[in-house]
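Shown next, in structure tokens, is the structure this report addresses.
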């Protein structure tokens, strides 16, 4: 049980710290929008004080749309960098999010990890596999900071196996 909680926290904590991409999907009416200096907007489900953005891709009907680089700043200091596809202001399709706590490269849907992707944490741990609504979900592999590898099924961010006696553990 404790291991399930720890594994769940490994993925939820970094996601909660990401200003532009969170752990819960929100409808357009529930989300704030933030605009760059040219007036091009992106979805901002979890706004922070002093937050600004810079988008170098195309803008369609006032919303970031297409491939490009989206940079987030807090009080003028670089925070996060997303490189990839945006559609109507949302991260959608293939993209890479780089931040102080780690890096995710893979599929996105409505600014959440969704599909196939890999998250590498600053402590050396990583998860590679299927994602749904911002959490590991489906088949994947997780390596702990000390190098133990777990392979199996994840359900809404929780590993379904026994972390202590997992036959898939190496």
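The values are calculated or read from the model by the stated rules, or taken from the named source; none is laboratory data. Small disclaimer: the values here were computed from a predicted structure and weren't measured. When we count neighbours, we look across all protein chains shown, and the Cβ atoms used for this are built from the backbone with ideal geometry, even at glycine.
Side notes on the structure shown:
- Total residues in region 106-120 satisfying the condition of being part of a strand (DSSP E or B) and crowded, with 18+ Cβ neighbours inside 10 Å: the figure is 9.
- Among residues of region 42-64 that are on the phi > 0 side of the Ramachandran plot and surrounded by fewer than 13 Cβ atoms within 10 Å (Cβ to Cβ), those with a beta-carbon under 9 Å from a residue that is in a loop (DSSP other than H, G, I, E, B) and at pLDDT 95 or above at least six positions away or on a different chain give the pairs 50/75; 50/76; 61/88.
- Residue list for region 158-170, filter: in a loop (DSSP other than H, G, I, E, B), surrounded by 12 or more Cβ atoms within 10 Å (Cβ to Cβ) and either out of contact with any strand residue (DSSP E or B) (no Cβ under 8 Å at 6 or more places or on another chain) or at pLDDT 95 or above (or both): 162
- Matching residues, region 31-66, being under 18 Å from the mean Cα position of the chain (by Cα), under 16 Å from residue 87 (Cβ atoms) and either at pLDDT below 95 or not in a strand (DSSP E or B) (or both): 31, 44, 45
- Any hit, region 92-101, residues being touching a helix residue (DSSP H, G or I) at 6+ places or on another chain (Cβ under 7 Å), at pLDDT below 95 and under 24 Å from residue 116 (Cβ atoms): yes
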